[in-house]
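Below is one structure; the comments refer to it alone.
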Amino acid sequence: MTLLAAAGSVSAEQAERYANWEFTPFYGYMFGGKFEDPVTNTDLDVNEDNNFGIFIDAAADQWRHYELIYSKQGTTVDGAPKMDLDVEYLQIGGTVMYEDAETVIPYFGMTIGAARLSPDGPGLDDETKFAFSVGGGFKVPVTDHIGVRFDARAFVSLFDSSGNIFCASDNGAGTCAIRAKSDTFVQYQAALGVIIGF
């Protein structure tokens, strides 16, 4: 009985041993997003490109985490000429993991926050919009403090579908580079990161 109690105590202790904080720098690929030319009404695609960022997780318990995400993509928007564009996301939310998993741990997560779109053009204004994300993936623990994480998610930013964006004022006359295609601006991310736990 004493041996069984001791074994149960050790097992319970191992189950409770998990990182309170996880920092996961990642590198990934982002695609999607579409605007419209305000003069010709033709579609302008945001070109797919690499992105990078970080996940910061604080454990509510072993299987539920609060999460902060920062992601940045440097890309171009089709047009004549093409326009350089930085897209940044800052999001807060959480993840829920599958409790019975051991070597590969699937999870689902949701966040809300902001998207910042910064065009490279003379006098063009940045745009900051409300955004949210929905995603999932899996984590693979390597040691007690190191692991690998694969994440796939959609970022959805809310726009006014009739609104011009990236506008500049020149001697009282305003000009706008592009126009929102719809009420939502959607991009997709696939990312691979290294988990560092404390």
Could you please find all residues in the stretch 48-66 being closer than 30 Å to D100 by Cα, over 11 Å from the mean Cα position of the chain (by Cα) and either touching a residue at least 40 places away in the same chain (Cβ under 8 Å) or part of a loop (DSSP other than H, G, I, E, B) (or both)? A59, A60, D61, Q62, W63, H65
Could you check how many residues of the stretch 136-154 are surrounded by 15 or more Cβ atoms within 10 Å (Cβ to Cβ) and over 27 Å from G32 (Cβ atoms)? 2
Let me confirm something: among A115, A58, which residue is touching a Lys or Arg at 6+ places or on another chain (Cβ under 9 Å) and either farther than 14 Å from A191 by Cα or acidic (D, E) (or both)? A115
Across the stretch 159-198, which residue is farthest from G94 (Cα to Cα) among those that are of a type in the set (A, V, I, L, M), loosely packed, with under 15 Cβ neighbours inside 10 Å and at pLDDT 85 or above? V186
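Quick test for you: out of T95, T75, pick the one residue that is surrounded by 18 or more Cβ atoms within 10 Å (Cβ to Cβ) and closer than 17 Å to T24 by Cβ.
Values: T75 fails: closer than 17 Å to T24 by Cβ.
When all the criteria are applied, what remains is T95.
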I'm told D45 meets every condition in (1) assigned to a loop (DSSP other than H, G, I, E, B); (2) closer than 20 Å to T184 by Cα except one. Can you identify the failing condition by its number? (1)
Does any residue in the stretch 67-95 that is among the hydroxyl-bearing types (S, T, Y) come within less than 8 Å, Cβ to Cβ, of a residue that is not in a strand (DSSP E or B) six or more places away or on a different chain, and which pairs are these? T75/N47; T75/E48; T76/N47; T76/K82
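Output yes when any residue across the stretch 83-104 is among the charged types (D, E, K, R), outside any strand (DSSP E or B) and farther than 30 Å from D144 by Cα, and no when none is.
At the first step, the residues of the stretch 83-104 found to be among the charged types (D, E, K, R) are 84, 86, 88, 99-100, 102.
If we keep only those that are outside any strand (DSSP E or B) too, we end up with 99-100, 102.
From what's left, farther than 30 Å from D144 by Cα: none.
Scanning the stretch 83-104, I find no residue that is among the charged types (D, E, K, R), outside any strand (DSSP E or B) and farther than 30 Å from D144 by Cα, so the answer is no.
Name the residue that is modelled with the highest pLDDT, counting only residues in the stretch 108-142 that are outside any strand (DSSP E or B) and aliphatic (A, V, I, L, M).
So in the stretch 108-142, the residues outside any strand (DSSP E or B) come out as 120-126, 142.
From what's left, aliphatic (A, V, I, L, M): 124, 142.
Working: L124: 85, V142: 95.
If we take residues in the stretch 108-142 being outside any strand (DSSP E or B) and aliphatic (A, V, I, L, M), then V142 is modelled with the highest pLDDT.
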Which one is nearest to the chain's Cα centre (by Cα) among residues in the stretch 123-135 that are buried (at least 16 other Cβ atoms within 10 Å of the Cβ) and within 24 Å of P25 (Cβ to Cβ)? S133
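The values are calculated or read from the model by the stated rules, or taken from the named source; none is laboratory data. Since this is a predicted model, take the numbers as computed values, not measurements. Methodologically, a virtual Cβ is constructed for each residue, glycine included, from the backbone with ideal geometry; neighbour enumeration extends over all protein chains shown.
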